[in-house]
Amino acid sequence: MQRSVLIAFLALFILIQFFRPEKNTAQGPSPNDISTVLSAPKSVLTKLDAACFNCHSNHTRYPWYAEVAPISWWMAGHIRAGKKHLNFSEFATYPRKRQLHKLEKIAEAIEEGWMPLKSYKIMHPESVLKKDEIKEISDWLQAAQADLQKRTY
């Protein structure tokens, strides 16, 4: 009986490997990237890339374990949800009011520590933001908001 269950489980595990979610790997830079609207210091962009872009842009770098279902499905769901809330690759398409709101929410998320997600930080230690990095990003976000508010369209 136990052997039959184990064989069935193994067969199911092998079968689900054939059902793969679409990858989030756009080719080339997006014409609507946040960098087309706002300029940021390289250090800020580097940290945003490490902490945010895998789930909040059109360019995910996948680790080896993302090739294994059901982990691949779980990750695809997280990426879809992340991009639904904020997509740095499509930031320029947002109305200015939404851009301002998103900048405010990014600052809140990193200052309060609920982004990046704890589960993401465990698997990606490079995404952990130190206090001085949070301050640098927050200061840039505040300046970016002020810059956007001054602009006339």
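Taken together, the values in this text are just the output of simple stated rules run on the coordinates, not laboratory data. What you are looking at is a predicted structure, and each value in this text was computed from that prediction instead of being measured. Virtual Cβ from ideal backbone geometry, glycine too; neighbours counted across all protein chains shown.
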> Only one of A92, A81, A51, A66 is under 30 Å from A11 (Cα atoms) and in a helix (DSSP H, G or I); which?
Replying inline: A66
> Of the conditions (1) of a type in the set (S, T, N, Q); (2) touching a helix residue (DSSP H, G or I) at 6+ places or on another chain (Cβ under 8 Å); (3) under 26 Å from A107 (Cα atoms), S72 fails just one. Which one is it?
Replying inline: (3)
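Per-residue answers, yes or no, for (1) surrounded by 12 or more Cβ atoms within 10 Å (Cβ to Cβ); (2) touching a residue at least 12 places away in the same chain (Cβ under 8 Å); (3) of a type in the set (S, T, N, Q):
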{"position": "N58", "(1), (2), (3)": "yes, yes, yes"}
{"position": "A66", "(1), (2), (3)": "yes, no, no"}
{"position": "A69", "(1), (2), (3)": "yes, yes, no"}
{"position": "S72", "(1), (2), (3)": "yes, yes, yes"}
{"position": "M75", "(1), (2), (3)": "yes, yes, no"}
{"position": "R80", "(1), (2), (3)": "yes, no, no"}
{"position": "K84", "(1), (2), (3)": "no, no, no"}
{"position": "F91", "(1), (2), (3)": "yes, yes, no"}
{"position": "P95", "(1), (2), (3)": "no, no, no"}
>> Based on this model, can you work out whether S43 counts as assigned to a helix (DSSP H, G or I) and of a type in the set (S, T, Y)?
In response: yes
>> Would you confirm, using the coordinates I've provided, whether S119 is polar (S, T, N, Q) and exposed (fewer than 13 other Cβ atoms within 10 Å of the Cβ)?
In response: yes
> Can you pull out the residues in the range 27-65 that are closer than 14 Å to E126 by Cα and aromatic (F, W, Y)?
Replying inline: F53
> Right, L117: over 21 Å from P31 (Cβ atoms) and more than 11 Å from the chain's Cα centre (by Cα) or not?
Replying inline: no
>> Between a residue in the range 120-146 that is at negative phi and any residue that is assigned to a helix (DSSP H, G or I) and among the acidic types (D, E), which pairs come within a Cβ distance under 8 Å, given they are 6 or more apart or on different chains?
In response: I134/E111; S138/E111; L141/E104; Q145/E104
